[in-house]
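*Asks:* Okay, here's the structure, questions in a sec.
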Amino acid sequence: MFYQELLENISSDFKSKFNAIEAEHNFDSGPEFEIALCEVLQTYLPNKLGVCRGFIMNSIGECAGDDIIIYDKSTHPTLRNLGHDNFSRKQKIPVEAVYAYIEAKNTLYLKGSNRNNLIDTLKQINKVRLLLESRAPLKLNTFNGATLNGFEVSSKPGWPNIKNPPFTTIWARQVKLEKSSNPILEYTDILKYTHESLAEEITRRISLGDVPNSIGAKFETDLLQSIFVSIDCIVLGNDAIALPIEGDDYQSPFYLDGKRYVLNKVSHGTAFGVGLIAINEAINWIELTPINWGTVIAHGLGWNIKPKD
């Protein structure tokens, strides 16, 4: 099947890049894993998209994220003039320009206090989502900047009710229980220990009074939602990927209320390929809004008023 071959080719390119860099560098001590991801992503994403390492910023200087950003380079400028192929330094990207954000971990630890542990990584993702969700929503009945009042436009089942939703994901090259552990290779073990880690976090929050005891009833349905984290996709090594589903169906790559996460075992080690296709599917849906250039001009003129849209 051609599409299976596509997934295998994409995943093979990721693996080859990782192996080549690992031969020369220690992934855990530098930016090499993020740079490797950027180089392969740039190969497979449409030309209008930019890929960089860096931070997402809004008009008042609020900032989130420090890993991989996929943005619209055709209509939005970066905030640092580093060039589009310079992955060694971190860019600053306007929040209006962001299609997707990847929290990249060479090693994701399911337990322990290491800064690359699962819970802290989810918290980082949550900060990014909150910043992206602060963008003015682009309604479905808006076309070319004009809103068609009086027309109700419904989304497809399982798809967002706005055109510019956030899309956030975690990509981990390998998974370990703790820093001193060996990589977890079996899909069933990844599922087991991920579940344990999230359950322990919920128990901790219950003990602190952060969540009600009744939240424990959700352990088997949606652990991530139970700790108030929304994320669209998690790649856990070559063989496992978590995606949102509704009922028993996959409808879109976006996590929405009513969906739950399912950790899936992929065939032929194609998790990175599936993750990239999920990003492409999300980008095909997302329609970004332009920067309010009138506000930028007003700031340049020293005005303290916000010009009309």
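Any read-out appearing in this document is the output of simple, stated calculations on the displayed coordinates, not a laboratory observation. These numbers come from a predicted model, not from an experiment. Note: ideal-geometry Cβ built from the backbone for every residue, glycine included; neighbour counts use all protein chains shown.
*Asks:* Based on the mean of other Cβ atoms within 10 Å per residue, sort peptides 127-138, 234-245 so the most packed one is first. Intermediate values should be presented prior to the final figure.
*Replies:* Numbers: 127-138: 17.0, 234-245: 22.7.
Per-residue Cβ counts within 10 Å, averaged per peptide and sorted highest first, yield 234-245, 127-138.
*Asks:* Still on this structure, I have one more. Just to compare against my own numbers: the Cα pair-distance distribution for the stretch 2-300, 5 Å bins, whole % per bin, please.
*Replies:* Reading the bins upward from 0: 1, 5, 11, 15, 18, 17, 14, 9, 5, 3, 1, 0, 0.
*Asks:* Continuing with the same structure: Which aspartates and glutamates have a Cα lying under 15 Å from the Cα of residue 105, excluding residues fewer than 8 positions away in the same chain?
*Replies:* 22, 28, 32, 34, 66, 67, 120, 178
*Asks:* If Lys and Arg each add +1 and Asp and Glu each add -1, what is the summed charge of the other residues whose beta carbon sits under 12 Å from the beta carbon of residue 47?
*Replies:* Numbers: positive: 48, 73; negative: 72.
Surrounding charge for residue 47 is +1.
*Asks:* Turning to a different aspect of this structure: I need the phi-derived Karplus couplings for the stretch 193-208: 6.51 cos²θ - 1.76 cosθ + 1.60, θ = phi - 60°, integer Hz, Gly and Pro marked x.
*Replies:* After applying 6.51 cos²θ - 1.76 cosθ + 1.60, I find 6, 4, 4, 4, 5, 5, 5, 5, 5, 5, 4, 4, 5, 4, 5, 8 Hz.
*Asks:* Which entries of 90/192; 90/176; 123/176; 127/156; 48/123; 73/265 have Cα-Cα distances beyond 25 Å here?
*Replies:* Values: 90/192 35 Å; 90/176 27 Å; 123/176 19 Å; 127/156 28 Å; 48/123 30 Å; 73/265 34 Å.
In this structure, 90/192; 90/176; 127/156; 48/123; 73/265 lie more than 25 Å apart at Cα.
*Asks:* Provide the per-residue ³J(HN,Hα) series for the stretch 266-282, in order, calculated from phi with Karplus coefficients 6.51, -1.76, 1.60 and θ = phi - 60°, each as a whole number of Hz, with x at glycine and proline positions.
*Replies:* Those phi angles translate into 9, 8, 6, x, 9, 4, 5, x, 5, x, 5, 5, 4, 5, 4, 5, 5 Hz.
*Asks:* Okay, next question. Counting Lys +1, Arg +1, Asp -1, Glu -1, what net charge surrounds residue 34 among other residues with beta carbon under 9 Å of its beta carbon?
*Replies:* Details: positive: 53; negative: 32, 67.
Residues close to residue 34 contribute a combined charge of -1.
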